[in-house]
Structures are given as structure tokens and as C-alpha cells.
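Peer 1: So that we are looking at the same thing, I have put the structure below in C-alpha cells.
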Ligand SMILES: Nc1ncnc2c1ncn2[C@@H]1O[C@H](COP(=O)(O)OP(=O)(O)O)[C@@H](O)[C@H]1O
Ligand SMILES: [Mg+2]
């Protein structure tokens, strides 16, 4: 401390820029600052270490170290262990992997599912990664992808037709999830714009739609899709069940996306649209170029949250008799040769969902960071 | 500056306007917000090249008046004619007028997700349908004119308030407007930044731009304006050329207002 009497080390106006104190750098510095900065923090750190130490080794032992990967039945599997049931029996999952992935899709046609998946990857990359060279041209392909994949999966036009009730497993999850996600975003944005528009009829229609869909459980909508739609359709027409489910899931997610985006729209200062107007941009150009990019950026956490929810809700189709991974899992557990391996099945399915959802969550963080353009201008 | 400055010498009082062509004509205009009568019987003719400063207490309707001129607000009675086109519900007319009338806001309203250069080229590309390269060339020209070409690749959030407001002016100028509207362009700025913005505005005035400026910067009004308009409670109370206006206000409310803003 420099007391009032002590001479200042620098004359006023000559103080140089100094580097920050070094105490805060290095591993020890980091640990001291982040893990042991207060008694409470010390206790938390020790508790955390104790918890991890007591959970991770047994888990790793069960799932990896002692687990059995080849066996023909549960009995054989447990027989291979020092103590029966002491570890995971992945042989069960391994033997049924193709069922978990493809459901009952005909074996000789499964290359079509694989090809669709590869095409899906090529369709997703240009959407998610904006520095891809020639990204603009890829969008034609992205727009064509749903039709291409639909044709590949369902068949017809030269390919052997496959009934959609043979779809199942992760493939079904991906179909419902990807369709729901990619169609609910544009529909949700349109609904949000409609709900905030100045045209009363349009506004009321959008409000009614959103509130109705949000007010009904997805399960109920799926039941409507599987049973009641027949009453509304002309007799004799059959409308594919999967198609109905896709529509219901998409509409359901759209209503939620609409509300998330509406929140984002409210977060964009009114002056933004006014500035766009004052430059002579039309309503649609102002929305597309100025308002929506900012509103969507604000809405990213909510949108991804909705997508993750939708993705996991795809498991609800189990209730109307579709064989999503959970359905396959339950059917597998009913097999007398293997019964009793519920932990393996549900952990496996949980890991699949976790990987997908965690991926979405990380991508949204990446997107938020990328779109951060410094402190916002005064609102 | 691009145009010869034969119309005005800065800070020497503005000489008379050199044309008599009316560019904005407002007649018997009224506006209400719900039940609230915010603008009452506004009559105002603006000549090409004329520079008008509008002042008055907060809430007197100054912003609303100039926002009516490019239809950010809709008037309910009377007429507004800009460049020979009457402002009605016709969307095409509104878009045409808006691209001819530049507007600068108190809170800048730059687009935070676009760079400074993109802010400036946006309307050229999407409204004027200009090729990007040409638009960038024009935008850089105006950014140089407001003396911040080196900030072109930055985002608005990375600039100071004064720099942002100069970008906002450049953004409007890119559209080559016939009229510029300013709504308290310096009110949100720290004192040391006010001058850099006013300097740009003075230069713009010298180039012969028609300007309507809502401001309480009386130095600017004296140096640049042909006419000062005083508004209160939605009415134009009095208008005069600057020295008369400041030295010999006629109305009690004008005197009161001037004594308030000049008292500190
Ligand atoms: N969108 C609006 N809706 C209702 N009242 C408004 C709106 N905008 C402004 N007003 C009111 O109109 C009056 C004039 O506002 P404004 O033109 O902004 O005044 P000034 O710019 O002179 O301060 C104020 O009383 C304000 O509260
Ligand atoms: Mg105002």
C-alpha cells in the first residue's frame, strides 16, 4: 500500500501498462483458485472426488473390464463370469444390434437404409457448417434429400417396396427425429411471425393452432394419428401410419418452436425493424435479413431444448405399436433365452440417446459462440 | 466533400436556400395514438436544400412528426407529400419514399449481427439490387466520408457510440437519399463524442442536403439551420430563422423552454 505520505512510484500521467499478477496462472494456481478457494469449496471438491472414486471404478468394471461380449444365451453369458450377474452381458446387444438399428427392415434391402444415412450426413454438413466451400449449391441437394431418402426407404419406382411398419429401431428414431426437427423449425418460425403479425385473422389462426397443440399431450396426438384420423379421411383411403406420426410430431414441435421464436422476436429491439424499414426494405426482407437472424440467435438455447425434447419423445411411438429402440428392447427382453438383461438394454438405449442429444447441445454452444459479435449495441 | 459548398459557410449563419422547390409538404396533418392526440394540425413545407432544426420539450411529438415523414408512423388526417408522392397505405410508394429518405436514430439501430460494411451495403444489395462489389465500393466511399473506413470489418458492438452513429449516417447516405431525418442523433452520446457526429452533420449540410434534425444542440442549429421549429404538446408553436428564434422568441412557452435548456 502506498500511504498518503509515500511518494508515488510514477509521476501522474506516466504510469505504464503492467502485466497482470502471475499468482493466478499455472496448474497449482488454477486449482487453488477453482477448487480450494474457500472451506466450502474444499468440502465440495473432496465430496466430488469421493463420489467419482466410488462410482466410476465399479461402473467401469461392470460395463467394460468384466463384461462378456460373446455368448449364445444368458445362461452361457453368466456362466462365463466369476460371479453370475457381476458384469454386463453385451453379447445380447451384439447379437441383436441389427434389430436395434434397422428394426424389421428386410435384410437384403438394408443397404438402402445405410445409403440414406450416408446421404443424411451429406445433407446435414452443409446445414450445420457454414464455412463449407460452395455451401450455396449444396442446398439444392439438401432440399432434395427428404424425397430421395423417402424413395430409398419406402421403395417403389424401381426399388422393392418396404412397408413402413417394418421400420424400427434407431433408424425409426432418426427418421422421426430428423423429419420433426427439420420441418418444425420453418413451420414454427412461420407461426411465430403469424402470431406477431398485424393481420388479425392470421394472428388468431396462429394463436389457436399453437395453443391447441400445446394444450394436448403428444401421446394424445399420436393416438389421434393412429386411430381417429381414419374418421376424418374419406373411406377407403389408407394413410400411412408413419406419415401420420411424422405430421403429428412435426406439428407438436412446431408449436413449441413458435413460442420459443416469439420470445426471440420480442428480444430484438423495435429499432432494428424500424431501421430496416427506413432503408426501404420490404417486410419480408427486413424479417429475413435483420429481425429473424437476431431472434433466432437469441432463441438457440430454447430451440435446441425443444429439439432435444422432440428427439427423446420419439420413443412415445412405442405406445401406438411402433418399434422404436425401446420397443425393440422390450421385445428382446421377452425372449426366454435372454430374459433378465434389462440393465444392458436400457443402458445401451440411453447411451444412444445421450450421444445424440449431447451432440445437439454442444453444437448449439458452438453456434452461440460463433454468432457472438461482441457486446450488443445499446438496446 | 463531393458537392461545392456554395450554399453555406459553416458557423456563419446559414444563407437562404437557393431553390424554391418544395420537397416535403405537410398539410393539416393530425395523428393520434389511440385516444391520445399526439400531433395537431401540422402544416410544414420544406424546400429542397433546406435545413430545419426541430426542438421542444420531451414528449411534444418531435420524433413522431419526423417518423411520419417516412411512414414509420401513420398519420390519420391531412396529407404528407414527399418528392411529389403522397404517403398513403400504398406499400410500393412507402418503400420508394423510404429509400429516398434517410433516417438516423437516437439509439443508432445498427444491425449488430452484420459488420459495419455489411450494414452499409445491405440496402444497396437488397433494395437497389446492386452487385456486391459495387455496393462495397460505394459504402467504403461513405465510410471514408464519415472518417471510419478502418472499422469496416468490425461489428457495431465493437465501436464507440460516436463511431456507431457515424456508421449509421454512412449507412443512410449509401442510399443516396434526397432528405435526411435525424432524431436526436447525439442524445445518447458521451460529451466527447458529440462533436465528431456533429462535424459529420455539418459537412453533410455544406453539401446541400435537405435535413430535418430533432436536436437540442443549439450551436448546431445556429450554425447550420435555415429555420428552427419549436413544438410543444403536439403543435408547432413557432418557427423562425435561428438568430431571431434564439434572441427574440415570441411565445411564452418558447421563452420558458429556451431558458430551461440554456440555464446550465
Ligand atoms: N407508439 C406509441 N404509442 C403510444 N404513445 C406514444 C407512442 N410513441 C410515442 N407516444 C407518445 O407520444 C408523445 C410524443 O412522443 P414523441 O414524438 O416521441 O415525443 P418527443 O420525440 O418530442 O420526445 C409522448 O407523450 C409519447 O409518450
Ligand atoms: Mg423523441
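Read-outs throughout are calculated quantities, based only on the coordinates presented, and are distinct from any laboratory measurement. Please read all numbers here as calculations on a predicted model, not as lab measurements. Here the Cβ is made from the backbone with ideal geometry for all residues, glycine too, and neighbour counts use every protein chain on show.
Peer 1: Taking neighbour counts of Cβ atoms within 10 Å as a proxy for exposure, in what order, fewest first, do A:173, B:88 appear?
Peer 2: Ascending number of Cβ neighbours within 10 Å: B:88, A:173.
Peer 1: Using packing as a proxy for protection, rank B:188-197, A:179-188 so that the peptide with the highest average count of other Cβ atoms within 10 Å comes first.
Peer 2: A:179-188, B:188-197
Peer 1: Between residue A:243 and residue A:32, what is the spin-label point distance in nm, taking each point 7 Å from the Cα along the Cα→C-beta axis?
Peer 2: 7.0
Peer 1: With label points built 7 Å along Cα→Cβ from the Cα atoms of residue A:97 and residue B:255, find their separation and express it in nm.
Peer 2: It works out to 9.5 nm between the two label points.
Peer 1: Could you tell me how many degrees, from 0 to 90 and to the nearest 10, lie between the Cα long axis of helix B:132-145 and the main elongation axis, the longest principal axis, of the Cα atoms of chain B?
Peer 2: It works out to around 50 degrees.
Peer 1: With just the Cα atoms of chain B, tell me how far they stretch along each of the three principal axes, in Å, largest first.
Peer 2: Principal-axis extents of chain B (Cα, largest first): 54, 43, 35 Å.
Peer 1: In which sequence would A:227, B:222 go, from the one with the fewest C-beta neighbours within 10 Å to the one with the most?
Peer 2: A:227, B:222
Peer 1: On a 0 to 90° scale, report how tilted helix B:116-126 is relative to the longest principal axis of chain B, with both axes built from alpha carbons and the result rounded to the nearest 10.
Peer 2: Between helix and principal axis, roughly 90 degrees.
Peer 1: Still on this model: What is the ratio of the Cα radius of gyration of the protein assembly as shown to 2.2 N^0.38 Å, with N the residue count, to two decimals?
Peer 2: Dividing the Cα radius of gyration by 2.2 N^0.38 Å gives 1.32.
Peer 1: For the stretch A:23-65, build the convex hull from the C-alpha positions and give me its volume per residue in Å³.
Peer 2: 70
Peer 1: log₁₀ I(q)/I(0) of the stretch B:129-232 at q = 0.10, 0.22 Å⁻¹, via Debye over equal Cα point scatterers, no solvent, to two decimals?
Peer 2: -0.29, -1.26
Peer 1: List A:54, A:278, A:226 from most exposed to least, where exposure is judged by having the fewest other Cβ atoms within 10 Å.
Peer 2: Taking fewest neighbouring Cβ atoms as first place, the list is A:54, A:226, A:278.
Peer 1: Once you wrap a convex hull around the alpha carbon atoms of chain A, what is its projected area averaged over all directions, in nm²?
Peer 2: Value for chain A: 32.2 nm².
Peer 1: Take the Cβ-Cβ distance between residue A:110 and residue A:351 as r, set R0 to 35 Å, and report the resulting FRET efficiency rounded to the nearest 0.05.
Peer 2: Using R0 = 35 Å, I get an efficiency of 0.95.
Peer 1: Pop out the Kirkwood hydrodynamic radius of the stretch A:229-379 from its pairwise C-alpha distances, inverse of mean 1/r, in Å to one decimal.
Peer 2: 19.2
Peer 1: Return one number: the angle in degrees, 0 to 90 and rounded to the nearest 10, between the long axis of the Cα atoms of helix B:91-100 and the longest principal axis of the Cα atoms of chain B.
Peer 2: That works out to roughly 80 degrees.
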